[in-house]
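Data first, discussion second: the structure below is written as structure tokens.
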Amino acid sequence: MTISFSQMLTIIAEDYRAHGSDWTKPGFRAVAVHRFGVWRMSIRPKVLRAPISLIYRFAYRRCRNVYGIELPYTVELGRRVIIEHQGGIVIHGNCRIGDGTVIRQNCTLGIRRLEEPDAAPTIGRNVSIGAGAVVLGSIIIGDSSFIGANAVVLHDVPSKAKAIGNPSKII
């Protein structure tokens, strides 16, 4: 998907409002860097993209190393996604995250096995992911679901359900 520079700025402004209109929040900064990374891939030819890619890589590594939020540009990130607190957030590059999702600190959204490098989770809309939650494998988390703190989710979660515990149970 290619977006124009003005579309990118509009989406970043929407993310800004979703993060409480506070540009100093690390979660907002990580999401803004992600949006910038997606936009830069629409620049053709590669020669023009190269200097912008250097800026993106610097900003991405800063978010990863200083804030502890790893959010690569290849993630399909919905609108108004909120990264609530910084620290220990790792999101696999093939994840899909729906609109209005809230991700808290120490969450991992990734693969289960090295033999399946593309088997990342799909998170629905308006999902709340608690602190320390781990969502692994090619699973689907339904819309408006709740993943409890420190839950280890290895199976699909239906819409409007709660998954808690290790291993997670649907309640």
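The values are calculated or read from the model by the stated rules, or taken from the named source; none is laboratory data. Source: prediction; values computed, not measured. Every residue, glycine as well, gets a Cβ built from its backbone with ideal geometry; the counts of neighbours run over all protein chains shown. Note: areas computed on protein heavy atoms with side chains; ligands, DNA, RNA excluded. Shrake-Rupley method; radii C 1.70, N 1.55, O 1.52, S 1.80 Å.
Is it true that Asn150 is open to solvent by 80 Å² or more (accessible area, probe 1.4 Å), touching a Ser or Thr at 6+ places or on another chain (Cβ under 6 Å), under 28 Å from Lys25 (Cβ atoms) and not in a strand (DSSP E or B)? No. Which residues, counting only those in the range 6-39, are part of a loop (DSSP other than H, G, I, E, B), of a type in the set (D, E, K, R) and crowded, with 18+ Cβ neighbours inside 10 Å? Lys25, the sole residue that qualifies.
Ser53 passes every criterion in (1) assigned to a helix (DSSP H, G or I); (2) in contact with a Ser or Thr (Cβ under 8 Å, 6 or more places away or on another chain) apart from (2). Among the conditions (1) more than 17 Å from Pro26 (Cα to Cα); (2) without any contact (Cβ under 8 Å) to a residue 12 or more places away in the chain; (3) in contact with a strand residue (DSSP E or B) (Cβ under 6 Å, 6 or more places away or on another chain); (4) among the basic types (Lys, Arg), the only one that Arg112 does not satisfy is (2).
Arg64 falls short on exactly one of the conditions (1) more than 20 Å from Ala120 (Cβ to Cβ); (2) open to solvent by 30 Å² or more (accessible area, probe 1.4 Å); (3) assigned to a helix (DSSP H, G or I), and that condition is (1).
Only one entry in Gln86, Gln105 is touching a residue at least 60 places away in the same chain (Cβ under 8 Å) and either within 21 Å of Val152 (Cα to Cα) or exposed (fewer than 14 other Cβ atoms within 10 Å of the Cβ) (or both), namely Gln86.
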